[in-house]
Amino acid sequence: MAATVTPQPKTNRIGLTVLDYRGGKTTLCAGCGHNAISERIIDAFYEMGIPPERVIKLSGIGCSSKSPAYFMGRSHSFNAVHGRMPSVATGAVLANSKIVALGISGDGDTASIGIGQFVHLMRRNLPIVYIIEDNGVYGLTKGQFSATADLGSKLKTGVINDLPAIDTCALAIMLGATFVGRSFSGDKKQLHTMLKAALSHRGTVMLDVISPCTTFNDHEGSTKSYKFVKDHEEPLHDLDFVPHFHDIAVEYDEGTSLNVTMHDGSSLRLRKLEHDYDPTNKVAAVKRLIESHEAQEVLTGVLYVNTTAPNFIDMINMTEQPLATLPESATRPSREALEECMEELR
Amino acid sequence: MATTELAVHGADQGAVREPVVNNFSIQVATVNGSGSQSANTVLLRTIFQMGVPVSGKNMFPSNIAGLPTWYTIRASKKGYIARKKEIDFLVAMNPETAREDVLSLGPGAVALYDEPLKLNELRSDLIFYPVPYDKITAAVCPESKLRKLVRNMVYVGVVARLLNLDMAEVEKALRKQFAKKVKAAELNWNAAKAGYDYATSSLTKVDPFFIERMNETSGKIIIDGNSAAAIGSMFAGVTVVTWYPITPSSSLVESLIEYMKAYRIGPDGKATFAIVQAEDELAAVGMVLGAGWAGARSMTATAGPGISLMAEFAGLGYYVEIPGVIWDIQRVGPSTGLPTRTAQGDISFVARLSHGDTKHVMLIPSTPAECFTMASDAFDLAERLQTPVFVMSDLDLGMNNWMSEPFQYPEKPQQRGKVLSAEDVERLGGFSRYKDVDGDAIGYRTLPGTEHPNAAWFARGSGHNEKSQYSERPDDYANNMDRLARKFETARSMVPRPELVRNEGCEVGIIAYGTSHHALVETIDQLQTEYGVKADYLRLRAYPFTRESYEFIAGHKRVYVVDQNRDGQMMELLKLDIAVADIGKLRSVRHYNGLPIDARSVTDEIISQEGK
């Protein structure tokens, strides 16, 4: 027996430490909700044992879209143009369908300038985890309202928002996203669990994460402040997640819990807090969301999940090998093929 | 039985004129959506099959059905295939425009018209042939709702008889046209025959126009530039195609879809490609860049309005240095402009597309064969230079039918540029994405998914240093921009060289590009034979310009630059690049009425500027 053992750092199932999932130092404001989300992302990828080299991080423009620089430095990343990350992500996933795509956007980037591409990303059910770091304001331009700001919410300057908020979750559900959730950057356990489940899903995951802006939208009168969200959060269920590589059977009561088997075989357990909520029912989900606006609740949890709908890659019927790395022999038809084309035109 | 009016109106011209063989133009005026395109194609192909050089130009409205459309077929024994300005033989099928069509003809031209329209009363200096279309069509097409569609084939039969076309060739062309529709082929063939029989029994030929067999088209193909671009892209190994429908580029991708379905399904029954109809051109080009970043050969096709939307992404592609191919099938702008008419209107815009300092590589095909080869060139250049490459076609090239030599199989392997594998990264211990290692200002890149801890780099449209890290340092920014400028110099050495069509030390030089080429070869002949003016001619094939172009300008006293736009866009670009002493030599010839450029207009303009 060795007397002295150097303590080995903890590793995940592929032998990486959590440090291998870290990124650069954040330049966002202290206390920014986005930093907490970055931490949860690091933990989720680490715990799921996904090699960072197999991940791409994509973002648009804004505070949220800067954050991919602050986690998973071993992953390729693309900080694109404002509101257009979905198209860049779509192209990348088409080119390499084996890759895990993570899109980071903000409420301005998604719900205003990027609403068109957002809508069509959801509609295609492209395999991607799309996170909106949602604080209701434009941070980088110093605090103007965004389109997810709630009716009646107040800016620091005293300006009251007089337009209704766009509910990105309701929109995503209606448009065809197959895993839709809302969470709160301050709800560590829920967000962490939801992210792990998201990584087990093959289709569009849309997570709207309320992420307070400590500088421009954390004051009295704001509906996206830490205090307001803590006071008004209404979780639909407690989440538990058993990854496919954990071979443990956990008992659960069908009366109080719902079990969802994810694409990779992992299990998402929703311990019901609202007994009649069924996250596989689209109509009910949208109805409940609309009701939550009227009640001024911040409804959180997995709002909708569908593990049977085909995703965009399934629909295209592409060859297994990524298009990006197909050899010339697979992408240049034969001489005879060209001759055949020419003959038809003679 | 001859109609009496021929004796009255046509005989005096017809009797004294020498036969005009294989050198005239036919214009067919029809109503959009009436099946006229099939009839026109059959006529074009018949002449082609008889070995006579021929070209067809469709002048159509932005409309699905009901508005006037014109199709011009030019037979030219000398092989001139540009649009001919003067119409020799009019087929007036459209009552709406018939009057104006007839009035615009030159004296001595032929007008074939629908008998009840009595067009013969309009002029006395033309040759008129009446055709009772309704009567003939009713006899061969009992089903009244189909009559509108076969009516046009009747004119094909009449014209065949009058021009002495071989009906066996008409039948061959017609059966090719309706290859997949046997019933329609039969119906149309009967209509063509009925027209032919009518002409035989009821018309006396008094015009001088004839088609005689030649042997100038054997082995050649007929194809539009968009289909050629599609075939070229498929053989270039494109894997990701994105698009948003817009005239005149839609047929490029639609044709590509058909070819890819036929030739790019792997042995496993799975596609070796993805084609996505995007929500708009912003998304189309965003997907191209995403796919190019991830390592795919990706492309989109669009026209002016789409190019406008792509401006922001074009700058991103330039600055982040991502390959991608964008076909711009140019049409008349600004704004909606004339969506179904041709122009070279996007040259200066695309050259600098984006805010900030940006320069783009443009390839400029003149023929379908060049659409085919430049499809490969564009991908090779985009990947070697790690930048978006634009192929500047136009509506005339893209949508009209052209004779072409068959395309040659691409012998050159695909050039995928500087991409590091995991093994390369391991050997090097890491890399700096934007470092100019080789002195050509092109860095090395890795693709997402490369399995090495040091393989990742951060693609960002924000300021960055050599390691692709965020940087606002003045020297990082300036050094990077300077390297990008040097990379454009590298591009200059890689792009297709111009074609020196004639360079015999004349005083006058002409520079043209794209579809203007076909008018220019005719103009060069017209200048010499009609005015005794000898001119040299250089055809540009790419931007940035290369040494040959500068030397050509330096070597001539006066250089005409032919543009199909109002502002002389290519001339303006040349002015920015050439020696100051040479700027004064440049003279602009511009054609911008939406119609394909013709030789006569160019000749007249040059002669006028020459003071002759």
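Data overview
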{"read-out": "Residue tally, condition within 17 Å of B:Ser202 (Cα to Cα) and in contact (Cβ under 8 Å) with a residue 24 or more places away in the chain, over the stretch B:112-131", "value": "7"}
{"read-out": "Sole residue being under 18 Å from A:Asp240 (Cβ atoms) and either among the aliphatic types (A, V, I, L, M) or touching a Ser or Thr at 6+ places or on another chain (Cβ under 7 Å) (or both), chosen from A:Ser257, A:Ser267", "value": "A:Ser267"}
{"read-out": "From B:Ala296, B:Ala291, residue being facing another protein chain (nearest Cβ under 8 Å) and in a helix (DSSP H, G or I)", "value": "B:Ala291"}
{"read-out": "Count of residues meeting criterion [within 14 Å of another protein chain (Cβ to nearest Cβ) and in a loop (DSSP other than H, G, I, E, B)] in the stretch B:217-253", "value": "9"}
{"read-out": "Enumeration of residues in the stretch B:275-287 that are within 22 Å of A:His82 (Cα to Cα) and either more than 8 Å from every other protein chain (Cβ to nearest Cβ) or among the β-branched types (Val, Ile, Thr) (or both)", "value": "B:Val276, B:Gln277, B:Glu281, B:Val285"}
{"read-out": "Which listed residue, of B:Ala519, B:Ala491, is at pLDDT 95 or above, within 19 Å of B:Ser588 (Cβ to Cβ) and not acidic (Asp, Glu)", "value": "B:Ala519"}
{"read-out": "Selection count where residues are of a type in the set (D, E, K, R) and surrounded by 19 or more Cβ atoms within 10 Å (Cβ to Cβ), scope the stretch A:155-173", "value": "1"}
{"read-out": "Residue count for the stretch A:111-121, restricted to those that are under 25 Å from A:Asn35 (Cβ atoms) and either part of a loop (DSSP other than H, G, I, E, B) or facing chain B (nearest Cβ under 8 Å) (or both)", "value": "3"}
{"read-out": "Sole exception among (1) away from every other protein chain (no Cβ under 11 Å); (2) over 21 Å from B:Ala378 (Cβ atoms) for B:Leu256, by number", "value": "(2)"}
{"read-out": "Filtered residues of the stretch B:176-216 (kept if touching a residue at least 60 places away in the same chain (Cβ under 8 Å), small (Gly, Ala, Ser) and either in a strand (DSSP E or B) or surrounded by fewer than 21 Cβ atoms within 10 Å (Cβ to Cβ) (or both))", "value": "B:Ser201, B:Ser202"}
{"read-out": "Only one of B:Thr46, B:Thr41, B:Thr72 that is more than 21 Å from the chain's Cα centre (by Cα) and closer than 20 Å to B:Ile211 by Cβ", "value": "B:Thr46"}
{"read-out": "Of all residues in the stretch B:51-78 being part of a loop (DSSP other than H, G, I, E, B) and in contact with an Asp or Glu (Cβ under 6 Å, 6 or more places away or on another chain), the one that is surrounded by the most Cβ atoms within 10 Å (Cβ to Cβ)", "value": "B:Pro53"}
{"read-out": "Filter pass, B:Glu143 being among the acidic types (Asp, Glu), at pLDDT 95 or above and over 19 Å from B:Val91 (Cα atoms)", "value": "no"}
{"read-out": "Helices (runs of 4 or more DSSP H) wholly inside the stretch A:165-272 containing at least 3 residues that are charged (D, E, K, R) and modelled with pLDDT of 95 or more", "value": "A:188-198, A:226-232"}
{"read-out": "Given (1) part of a helix (DSSP H, G or I); (2) closer than 26 Å to A:Leu323 by Cα, index of the condition B:Glu279 fails", "value": "(1)"}
{"read-out": "Residues of the stretch A:293-346 that turn out to be of a type in the set (Gly, Ala, Ser), over 22 Å from the mean Cα position of the chain (by Cα) and over 27 Å from B:Gln415 (Cα atoms), as a count", "value": "1"}
{"read-out": "Answer residue from the stretch A:298-346, given it is of a type in the set (A, V, I, L, M, F, W, C), touching a Gly at 6+ places or on another chain (Cβ under 8 Å) and in contact (Cβ under 8 Å) with a residue 60 or more places away in the chain and is farthest from the other protein chains (Cβ to nearest Cβ) among those", "value": "A:Val302"}
{"read-out": "Failed item, numbered, when B:Thr272 is tested on (1) facing chain A (nearest Cβ under 7 Å); (2) β-branched (Val, Ile, Thr); (3) touching a residue at least 40 places away in the same chain (Cβ under 8 Å)", "value": "(3)"}
{"read-out": "Test set (1) touching a residue at least 60 places away in the same chain (Cβ under 8 Å); (2) buried (at least 24 other Cβ atoms within 10 Å of the Cβ); (3) within 14 Å of chain B (Cβ to nearest Cβ); (4) not β-branched (Val, Ile, Thr) - A:Met85 fails condition number", "value": "(1)"}
{"read-out": "Considering residues of the stretch B:259-269 that are part of a helix (DSSP H, G or I) and within 9 Å of another protein chain (Cβ to nearest Cβ) only, the residue nearest to A:Ser87 (Cα to Cα)", "value": "B:Tyr259"}
{"read-out": "Residue match in the stretch A:47-57 (condition: more than 8 Å from chain B (Cβ to nearest Cβ), over 30 Å from B:Met299 (Cα atoms), crowded, with 24+ Cβ neighbours inside 10 Å and of a type in the set (Lys, Arg))", "value": "no"}
{"read-out": "Matching residues, the stretch A:288-346, being crowded, with 17+ Cβ neighbours inside 10 Å and closer than 22 Å to A:Leu258 by Cβ", "value": "A:Arg288, A:Leu289, A:Ser292, A:Val298, A:Leu299, A:Thr300, A:Gly301, A:Val302, A:Leu303, A:Tyr304, A:Val305, A:Asn306"}
{"read-out": "Members of the stretch B:491-538 that are surrounded by fewer than 19 Cβ atoms within 10 Å (Cβ to Cβ), on the phi < 0 side of the Ramachandran plot and in contact with a Gly (Cβ under 9 Å, 6 or more places away or on another chain)", "value": "B:Asn503"}
{"read-out": "Filter result for B:Thr336 (touching an Asp or Glu at 6+ places or on another chain (Cβ under 7 Å) and away from chain A (no Cβ under 14 Å))", "value": "no"}
{"read-out": "Positions within the stretch A:49-80 being under 19 Å from A:Ser97 (Cβ atoms) and either at pLDDT below 95 or in contact with an Asp or Glu (Cβ under 9 Å, 6 or more places away or on another chain) (or both), in sequence order", "value": "A:Pro51, A:Pro52, A:Glu53, A:Arg54, A:Ser75, A:His76"}
{"read-out": "Near pairs, Cβ below 7 angstrom, 6+ apart or cross-chain, from the stretch A:189-218 (over 15 Å from A:Leu236 (Cβ atoms)) to any residue that is among the small types (Gly, Ala, Ser) and part of a helix (DSSP H, G or I)", "value": "A:His192/A:Ala44; A:Leu195/A:Ala44; A:Lys196/A:Ala44; A:Leu199/A:Ala44; A:Val205/A:Ala198; A:Met206/A:Ala172; A:Ser211/A:Gly33; A:Pro212/A:Gly33"}
{"read-out": "Flag if A:Ala295 is at the interface with chain B (Cβ under 10 Å from one of its Cβ atoms) and more than 24 Å from A:Val129 (Cβ to Cβ)", "value": "no"}
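The values are calculated or read from the model by the stated rules, or taken from the named source; none is laboratory data. For clarity, every value in this text was computed on a predicted model and none was experimentally measured. So basically every Cβ, Gly included, is an ideal-geometry build from the backbone, and we count neighbours across all protein chains shown.
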